[in-house]
Each structure stands twice: as C-alpha cells, then as structure tokens.
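Remarks on the structure that follows.
Just so it is clear, none of the values below were taken in a lab; they were calculated from the coordinates. What you see is a predicted model, and the numbers here were worked out from it, not measured in a lab.
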Amino acid sequence: MQTVPAQTEHPLAADSTSHPKGLYLLFATEMWERFSYYGMRAVLVLFLTKAMMMDKAFASKFYGGYTSLVYLTPLIGGFIADRYWGNRRSILTGGLLMAFGQFTLFFSASNYGPASTHALSHWLLYLGLGVMIVGNGFFKPNISSMVGSLYSATDKRKDAAYTIFYMGINLGSFLGNTITSLIGDKEGHPEAFRWAFLACGIAMLLGTAVFNWGKDKYLHTPTGEQVGTTPAASGGIMGVYALLPVLLAIILGILWLDSAKFPTIAPLLGVAVIGISYMIFSDKSLSGADIKGIMVIFIVSFFVVFFWAAFEQAPASLTFFADEQMNRTIFGYELPASIFQNLNAIFVVVGAPLMAAVWTALGRRGAEPPSPLKMSIGLAMLAAGYLVMCFGVHNLQPGVKVSMFFLVALYFLHSVGELCLSPIGLSLVNKLAPAKFASLLMAVWFLANAAANYLAGYMSSLYPDPKSTKPAPVLLGFHITNLYDFFMVFVVSAGVAAGLLFLLSFKLKKMMNTPDAPVAVA
C-alpha cells in the first residue's frame with residue numbers, strides 16, 4: 001500500500017466533531033453518480049411504455065431485471081477491487097463506463113419506437129443498460145466501503161459519516177429526478193426522454209472528474225496512509241480490462257434472455273448466495289466472533305429483500321399510479337408523474353439529521369435500539385405507507401382520480417422507514433465485516449438489493465391495469481382485481497417481515513461483534 005509522509009493522528013481525532021475532507025469528496029462523487037442513476041431511473045419505465053411501446057407488465061419485468069443486475073454485479077466488482085484493482089481504479093473505471101452507457105441511451109431515445117420498426121433503438125437500449133450494469137458493479141461497492149476506511153476502528157463518528165454520505169445519495173437523487181422529470185417527462189412528447197439521458201451522462205462525467213481530482217489529496221486514514229490504492233500483491237490488472245468485453249457480453253445475454261425468453265436472473269441470484277457463502281465461511285482464518293458478525297449480515301440482508309421489493313415500486317407501479325390514477329394538478333399546472341419520486345429524497349435529506357438526533361438522544365439515555373430493531377421499525381413504517389394507500393383507493397370508482405395526499409403520505413412514511421434501515425444497515429456491514437472481506441460483504445448487502453429489485457419488477461407486473469383485457473393477476477392464489485388488493489399485498493409482506501425481525505433483533509444483538517454506536521450528524 002502506498003503512503004504519504006507519516007502523520008501523527010491527533011489524540012482527540014476519534015472524538016472530533018468534524019469529519020475528514022475525504023468524506024466530502026466521496027459525498028460529492030456519490031451525489032453526481034446518484035444524479036445519473038436516479039435521474040435515469042425516474043423516467044425509465046415511462047420511456048419504455050411511452051416511447052419504446054412496451055406494455056406495463058413487460059416494462060416492469062425489464063426494469064426489475066435491469067435494476068437487479070445493477071445490484072448483482074457489485075459481487076464481481078468487490079472481488080476484483082479486493083484482489084486486483086483497489087477501490088480507486090474500480091471507481092474511475094466504473095464511472096466512465098456508466099457515463100458511456102447514459103450517452104448510448106441518449107442515442108437510443110433519439111430514434112425511438114416499437115421493436116418491430118426500430119430494432120436499432122432497442123439494441124442500443126440493451127447496450128446502454130448493459131454497460132451501466134457493468135460500470136455500477138465496479139463503482140458502487142467500492143465507494144461505499146471507502147467511507148469506513150477514513151476512520152479508525154474505534155471511531156464513534158463512523159455511523160454519522162454514513163448518515164452524511166447517505167444524505168449525498170439523496171441530494172443527488174433529488175437533483176437528478178427533478179431535472180430529468182422536467183426536461184424528459186413531457187406528456188405527448190416521447191422524444192424529450194433523450195435529454196434526460198444526456199443530462200445523466202454529463203452528471204456521471206462530473207462525478208468521475210471530481211473523484212479523480214481529489215483522490216490523492218484527501219483519501220487517507222487518520223495516520224496518513226492512502227486508502228483504496230491497488231493492492232501491493234496485485235497481478236493481472238490489465239488482464240481484468242481485457243475481460244471487460246466478455247463480462248459485458250454475458251450481462252447483455254442475461255438481460256436479453258430474462259426479458260425476452262425465460263427467467264435467468266433468479267437462478268443466478270441463488271448461485272451467487274451459495275457461492276459467496278462458501279467463499280466466506282470456508283475461510284479458516286475467521287474467528288468465532290467474525291462468523292457471528294457475518295451471520296448477522298446475512299440474516300438482516302434477507303429481511304432487507306422484503307423492504308426494498310416494496311420500496312422500489314416507486315419508479316414502477318407507483319409511477320404508473322401517479323401517471324394514470326392520481327390528480328397531479330396544482331395551481332393549474334399538471335406535475336410530471338415521475339417527479340413525485342422526489343418526495344423520498346426531500347424527506348430523507350430533511351429527516352436524516354432529525355433521525356440522527358433521535359438515535360443520539362436515546363443513546364445518551366442508554367435506550368438506543370439495536371441496529372436490527374431499528375431495521376424492523378423501518379419495515380413497519382413501509383407497511384404503514386401502503387396501508388395509507390389502501391385507504392385512498394378503497395372502493396375507488398372508475399374515472400375518479402385519487403388525491404396526491406395519499407402518495408405524499410406514503411413517501412413520507414417510506415422515507416422514515418428508509419432512514420431506520422438503509423444507513424443503519426450500511427454502517428452495520430462496515431462494523432461487522434472482517435477487513436479481508438470488506439468489499440465483498442458490502443456486495444452482499446447489494447445482493448439483497450438485487451433480489452429485492454428483481455422481485456419488485458415482478459410485483460409491479462401484477463399492477464392491475466384497468467385498460468387491459470387480460471385476466472386479473474394472481475399471486476399465490478390471491479386474485480389482484482383492483483388497486484386495493486395490489487397495495488394490500490405489500491402491507492402484509494412488509495408487516496410480517498417487520499414482526500419476524502423484531503422477534504429476532506435481540507438475539508442478533510447478542511451475536512454482533514461490536515456494540516451499536518450512536519448515529520449523529522456533525
């Protein structure tokens with residue numbers, strides 16, 4: 001590992017209320033990357049249905065397949081970073097690939113239409129999404145794991161750092177969603193979607209440039225050691241570059257097969273779980289405490305699937321709902337359907353300091369819940385959000401549109417739930433993961449997201465389309481005949497998961513290798 005001239009850590013560094021400048025460099029990098037990802041995602045299903053002329057069920061599954069692979073490839077990127085490239089090289093390569101993918105979508109959206117008459121546009125769609133999937137695999141797990149590397153093992157500011165970092169994610173989401181919704185989601189003008197993808201490509205280039213500018217100056221430990229550099233014993237760096245076209249071809253094949261032929265991603269997820277479990281638990285150097293901590297990561301990741309499968313209806317079924325079933329007019333102006341996804345980012349950015357203050361206050365009184373219990377609260381808030389929607393659509397008459405109040409309330413409750421679950425989970429993984437598996441176990445967290453997003457796409461395909469002549473969707477024998485039935489599915493699934501995790505939370509607390517640190521935002 002390369003080092004800068006030796007520096008002595010200030011004796012109060014671990015207790016300082018300020019944070020290293022490297023945190024804000026990662027904050028800015030992640031903000032622009034999330035602008036790119038969430039900005040594109042906000043309009044993706046509308047682009048697929050209104051420009052590429054896909055039906056809602058197919059577009060939902062296609063969206064689910066894409067977002068699932070986005071979270072699956074960090075398994076590969078985390079492994080390559082740990083063994084060959086290091087965090088920095090992986091982030092730079094991933095950022096450039098994602099920018100290229102967004103520009104490819106721009107060209108796809110410049111010649112849009114159904115596959116029967118616009119085959120090139122559809123192949124460019126697959127290529128652009130495929131390149132972004134590969135790029136994200138290198139980018140996402142590595143920038144998240146670098147946050148914890150800026151602090152010592154005993155530094156109590158680490159939870160606060162992840163909360164600040166998480167605010168950067170949501171600030172980027174807000175900016176990206178706002179801009180792409182306003183310039184790309186224009187009723188009756190599907191040609192406008194291309195400008196959304198162009199803006200996302202430019203944002204991704206900005207994030208990559210910011211990271212490259214500040215990486216050597218700011219990304220170091222409290223004692224001055226550079227973090228995220230290429231491993232000293234690394235070999236085959238250029239060989240990995242040579243394998244990138246092969247990886248892209250495999251990803252494109254999987255995406256096409258899963259969307260057009262037969263389910264391919266679900267079996268891959270199962271293989272990934274088995275493979276990564278073997279890689280980790282077969283390591284004889286792990287201590288008993290290490291194994292217990294890793295088991296906690298796997299268990300909470302399982303419950304995270306239920307959270308994100310329901311939460312990620314925002315860019316899919318909830319956008320269909322906002323587009324067709326909700327009164328979006330305010331002061332005589334009809335808001336774009338996709339812009340309502342911004343509510344989550346607004347609530348998270350505003351609520352993160354408040355939530356951090358709550359945990360800090362409880363911690364001072366010795367009453368702070370353990371991390372798994374916080375996450376069960378997050379699942380309960382998710383179920384409550386869908387319960388509000390059930391009240392809004394109950395006995396809804398044909399042609400009647402629902403007040404936007406119900407969707408606003410849903411996003412508020414979901415955002416509170418997200419703050420109870422996502423930053424807490426990221427910090428938990430960083431605290432419990434052995435150093436040699438830091439990036440790989442962060443990728444496990446994203447593997448849960450991969451399964452959840454795939455399930456989210458499937459669940460969104462069950463959305464009851466009043467214009468469809470097909471039979472009512474069926475889930476485990478339950479016929480989904482209306483919106484009330486559809487939203488009630490998420491109330492039950494999230495509610496049951498919340499109850500089970502609540503019952504397990506205190507057992508999991510005993511298994512954890514490190515105590516919970518109060519979450520505070522400096």
**OP:** Check the straight Cα-Cα distances from K50 and name the aspartates and glutamates below 20 Å, setting aside those fewer than 8 residues away within the same chain.
**Re:** D185, E187, E191, D323, E324, E334, D465
**OP:** List the relative contact order of the chain as a percent without decimals, with contacts defined as Cα pairs under 8 Å and 6+ residues apart.
**Re:** 26 percent
Subject >> Hits among lysines - C-alpha to C-alpha of K436 under 24 Å, sequence gap 8 or more where chains match >> reply: K140, K156, K158, K215, K284, K292, K509, K510
Subject >> Average projected area [Cα convex hull, region 28-140], square nanometres >> reply: 6.7 nm²
Subject >> Proximal aspartates and glutamates relative to K21, as straight alpha-carbon distance under 14 Å, when same-chain residues fewer than 8 apart are discounted >> reply: D216
Original post:
Could you give the alpha-carbon Rg of region 120-251 over 2.2 N^0.38 Å, rounded to two decimals?
Top reply: 1.33
Original post:
If you line up the Cα atoms of the chain on their principal axes, what length do they span on each, largest first, in Å?
Top reply: 68, 53, 46
**OP:** Take each complete run of DSSP H in the chain, measure how far its Cα atoms stretch along the helix's own axis, and keep only those covering 27 Å or more with mean Kyte-Doolittle hydropathy at least -1.0; list them.
**Re:** 21-50, 86-109, 119-149, 158-184, 193-218, 237-260, 288-311, 342-364, 371-393, 404-432, 438-460, 483-511
Subject >> Cα radius of gyration and Dmax for region 331-433 (Å) >> reply: 16.8, 53
Original post:
Using the Cα atoms of region 378-450 to build a convex hull, what is its mean projected area in square nanometres?
Top reply: 6.1 nm²
